[in-house]
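Since the structure comes first, as structure tokens, the remarks are kept for the end.
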Number of protein chains: 2
Amino acid sequence: MSSWYMKKSLDNGIAVSSRIRLARNIKGLAFPSRMTDNDRQKLNETVKNAILESNTPFSKSLKFIDMEDVPENEKFSMVERHIISPEFASSQKRRAIIISEDESICIMIGEEDHLRIQVIYGGLELEKAYDVAEKLDTLLSGSLNFAFDSNLGFLTECPTNLGTGLRASVMLHLPVIEGEGGIADLAQSVNKIGFTVRGMYGEGSKAIGSLYQISNQITLGISEKNALDNLKIITTQLIEREQKARESLNKIKVEDLCMRAFGLLSNARLLSSEEMMNLISRIKLGQSLGIIDCENINPMGIFVEAQPYMLMRKFGTMSADERDIYRANFVREEIGKEKI
Amino acid sequence: MSSWYMKKSLDNGIAVSSRIRLARNIKGLAFPSRMTDNDRQKLNETVKNAILESNTPFSKSLKFIDMEDVPENEKFSMVERHIISPEFASSQKRRAIIISEDESICIMIGEEDHLRIQVIYGGLELEKAYDVAEKLDTLLSGSLNFAFDSNLGFLTECPTNLGTGLRASVMLHLPVIEGEGGIADLAQSVNKIGFTVRGMYGEGSKAIGSLYQISNQITLGISEKNALDNLKIITTQLIEREQKARESLNKIKVEDLCMRAFGLLSNARLLSSEEMMNLISRIKLGQSLGIIDCENINPMGIFVEAQPYMLMRKFGTMSADERDIYRANFVREEIGKEKI
């Protein structure tokens, strides 16, 4: 297995990744916001032992990491790789993760809840991701006494997670729906049935690189299966809609758009994060339409690896201006791997 | 000899071309604006004979062309090549030219004045161009009786040309002075000493491709030699100023600018005339700074050959939208001749 962003896109590459997150808390323990560093240290050890001494495949494939031992660049690059939350990365409190080699599994210990079990895969793989998350949940619930109420379900610090504690989401690449101004309508109609659309990467709701995350809002009064099924139906419809919109594009105009992005990325000497993301988005579109016929180019891989902390993790801490030079050089080399 | 725009730039390539124009009229004949088509026809023949039967090198190297025989695309492409004036190209009246193979010499017959003798060369070649124009002037004045007044000098339809009838101009590529916002100041100071700065290519005074024409305004009370000497001094100063400004540019920023232009021109599938000119201007700058190291790329050649009528002369009449496709293909091929 490789990381979600290293997976080769199948078909049209519209579904970029699928993510499952389960929020769990241990009965009798204060929520993390009220825990001392000593309590947190104990929690870390408890969860570590529950997994690593479980004598299951997980005890071999997963690794415990104390966040104290993780350098800053590595920590924030984990946010860019969607492994941990920004809040978790910047928190000054004691915290730890349990993570798999390919980073598809990551359990945050001491985030908003005691445990946040996350599984993320490339492509549309909701069931597969849920299966793994459920196995972890079952394993952990064997030794940890999860806070559970027969009426409210799993208890969580924030009431919006009460019930299943499940947040399922799919990241979609929607450049053409976005280009046609269709995102606002889409967000509204998806909202009505209990889902949200948020831009991935970029501040607040601003989407960069035409990447959108569709996720369930409702965790109470709905089974995990129903939530997943509904998300899959919506996702499949959106993929079809984007695909149809792509087919009706003006051939020469879209070819021009994609090839210009290719020309810029393979020649620029300075490249901001935002421009890189928007141009890579066009490379991804061009690949799906057969305009950019480069098997060796993995747009999402470049997209993630050219993020600020990912670059600094590789090349050392530097200023934003220096980063634009390193980013341009890195992307130019990656894009140049296969000459068109 | 090749056309001015096919000449390889020497040094920094800031001086693109040098042009001499002499306005002459024949004594006893009405000015062209008052001539009948019959009068014009006679004028054409008179000038034709004066040159072609002169038994000089000119009688062999120059060719008479009746503008009636020139197709529309060819006619307007001559404007793009700076051989004839736009007014001359679009006039419905009888008119003719006498032209050399390399188009460096062109005598317009029946423009605003009876004769407009033009010599244009690539680079800074004012004296050489003036020498040729003067030889033609001497030859013609042998058989034609030019209207000349001992006080006013050569008589011309428009009083601004009275005196020497000389308009000398140099086309300069000034991207960095322009980028620093220095053109307005430059125009003002040049104006004070009797010269004008005008943008070449582009409507009105708007400059596209950072190309500016510096020319003398005064033709009365100044000798040809003085006018030329002054123009050469100003031109040399401007070239030095642009050169100095280029040397103090931020290396990585200018490299980025030039390489992006290269990336766009070698990949775009749609290219407007204006964008092409502005990007070629950066290629030209990049070449002069050693950033774009392609001997086989001739920026001014591409610049002129990708103009609308130049394209239609080659590929046939087409709409502006179609032209953008043909232009992109043509430029891509030219730029691709030498891979960086």
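The values are calculated or read from the model by the stated rules, or taken from the named source; none is laboratory data. Quick caveat: nothing in here was measured; it's all calculated off a predicted structure. With ideal geometry, Cβ positions are generated from the backbone for all residues, glycine too; neighbour counts draw on all protein chains shown. Only protein heavy atoms, including side chains, enter the accessible area calculation; ligands, DNA and RNA are left aside. Shrake-Rupley method; radii C 1.70, N 1.55, O 1.52, S 1.80 Å.
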Got at least one residue in the stretch A:193-214 being more than 22 Å from the chain's Cα centre (by Cα) and outside any loop (DSSP other than H, G, I, E, B)? no
Might you check whether a residue that is open to solvent by 20 Å² or more (accessible area, probe 1.4 Å), under 22 Å from the mean Cα position of the chain (by Cα) and among the hydrophobic types (A, V, I, L, M, F, W, C) occurs anywhere in the stretch A:137-152? no
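Taking A:K244, is it within 13 Å of chain B (Cβ to nearest Cβ), farther than 24 Å from A:A168 by Cα and surrounded by fewer than 22 Cβ atoms within 10 Å (Cβ to Cβ)? Spell out the reasoning first.
Details: within 13 Å of chain B (Cβ to nearest Cβ): no; farther than 24 Å from A:A168 by Cα: yes; surrounded by fewer than 22 Cβ atoms within 10 Å (Cβ to Cβ): yes.
Considered against the rule, which asks whether it is within 13 Å of chain B (Cβ to nearest Cβ), farther than 24 Å from A:A168 by Cα and surrounded by fewer than 22 Cβ atoms within 10 Å (Cβ to Cβ), A:K244 comes out as no.
Using the structure shown, decide if B:K75 is at pLDDT 95 or above and charged (D, E, K, R).
Values: at pLDDT 95 or above: yes; charged (D, E, K, R): yes.
Criteria met by B:K75.
Of all residues in the stretch B:186-216, which are closer than 17 Å to B:I234 by Cα and out of contact with any helix residue (DSSP H, G or I) (no Cβ under 9 Å at 6 or more places or on another chain)? Break it down stepwise before answering.
The initial filter retains those residues of the stretch B:186-216 that are closer than 17 Å to B:I234 by Cα, namely B:186-199, B:211-216.
Within the stretch B:186-216, B:A187, B:Q188, B:S189, B:N191, B:K192, B:Q213 qualify.
If a residue has to be of a type in the set (D, E, K, R) and under 16 Å from the mean Cα position of the chain (by Cα) to count, how many in the stretch B:102-126 make the cut?
Number of matching residues: 4.
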Please work out if A:S210 is more than 9 Å from chain B (Cβ to nearest Cβ), surrounded by 20 or more Cβ atoms within 10 Å (Cβ to Cβ) and of a type outside the set (A, V, I, L, M, F, W, C). yes
Suppose we filter the stretch A:286-304 for residues that are within 14 Å of chain B (Cβ to nearest Cβ) and open to solvent by less than 50 Å² (accessible area, probe 1.4 Å); how many remain? 4
Quick check on the stretch A:252-274: of everything there that is more than 7 Å from every other protein chain (Cβ to nearest Cβ) and under 28 Å from A:Y309 (Cα atoms), which residue is surrounded by the most Cβ atoms within 10 Å (Cβ to Cβ)? A:L265
Would a scan of the stretch B:307-324 turn up a residue that is within 14 Å of chain A (Cβ to nearest Cβ), open to solvent by less than 50 Å² (accessible area, probe 1.4 Å), out of contact with any Phe, Trp or Tyr (no Cβ under 7 Å at 6 or more places or on another chain) and not aliphatic (A, V, I, L, M)? yes
Being open to solvent by less than 50 Å² (accessible area, probe 1.4 Å) and β-branched (V, I, T) is the filter here; which residues of the stretch B:16-38 pass it? B:V16, B:I20, B:I26
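Out of the stretch B:107-133, which residues are over 28 Å from B:N12 (Cα atoms) and free of Cβ contacts under 8 Å to residues at least 40 places away in the same chain? Outline the logic, then answer.
Just the residues of the stretch B:107-133 that are over 28 Å from B:N12 (Cα atoms), to begin with: B:107-117.
B:M108, the sole residue that qualifies.
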Tally time: how many residues in the stretch B:121-148 are closer than 25 Å to B:S17 by Cα, assigned to a helix (DSSP H, G or I) and of a type outside the set (A, V, I, L, M)? 8
Anything in the stretch A:154-192 that is part of a strand (DSSP E or B) and touching an Asp or Glu at 6+ places or on another chain (Cβ under 6 Å)? List them, or say none. A:L166
